[in-house]
Amino acid sequence: MSVERSVTETEGGCYISLEVSPGSKKREIKGFDAWRNSVEVAVRAPPKGGKANAELEKFLSEVFGAEVKVVKGRKSRQKVVFVKLSKSDVVKKLKELL
């Protein structure tokens, strides 16, 4: 598993490519999709009115202990989020969870 491929470092933090499953029974980081090079995340909120995006940002902020914002894919299951942490910190945390 190369979770590093889903994380891109940039100024002030990094981007993470995600595959999000809204309307799930529980919120969790489910795995890594090697074909899409994205981290699979489940959230409970439905994909209506930005509820799933808001829950995703809150959940990942709790996971990483840093600010998280959806920057691409607000109306798609494939998303990119910005995390105010270094790539090495994000990759380390993802590997602990996967």
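Quick note: the coordinates plus some simple rules give every number you see, no bench work behind them. A quick note: this is a predicted structure, and the numbers were derived from the prediction, not measured. All Cβ positions, glycine included, derive from the backbone under ideal geometry; neighbour counts span all protein chains shown.
Some notes on this structure:
- Applying 1/(1 + (r/R0)^6) with r as the Cβ-Cβ distance of GLU67 and GLU11 and R0 = 22 angstrom yields a FRET efficiency of 0.90.
- Listed values (i) 1.29; (ii) 0.96; (iii) 0.92 include one computed from this model; for Rg/Rh (Cα atoms, Kirkwood Rh) that value carries the label (iii).
- Once the Cα atoms are used to define both axes, helix 87-97 deviates from the longest principal axis of the chain by about 60 degrees.
- Within the chain, antiparallel bridges make up roughly 85 percent of the DSSP beta bridges whose residues both belong there.
- Between GLU4 and SER86, the modelled labels are 1.4 nm apart [label points 7 Å from Cα along Cα→Cβ].
- Degrees, to the nearest 10: 51-64 long Cα axis against longest axis of the chain: 30
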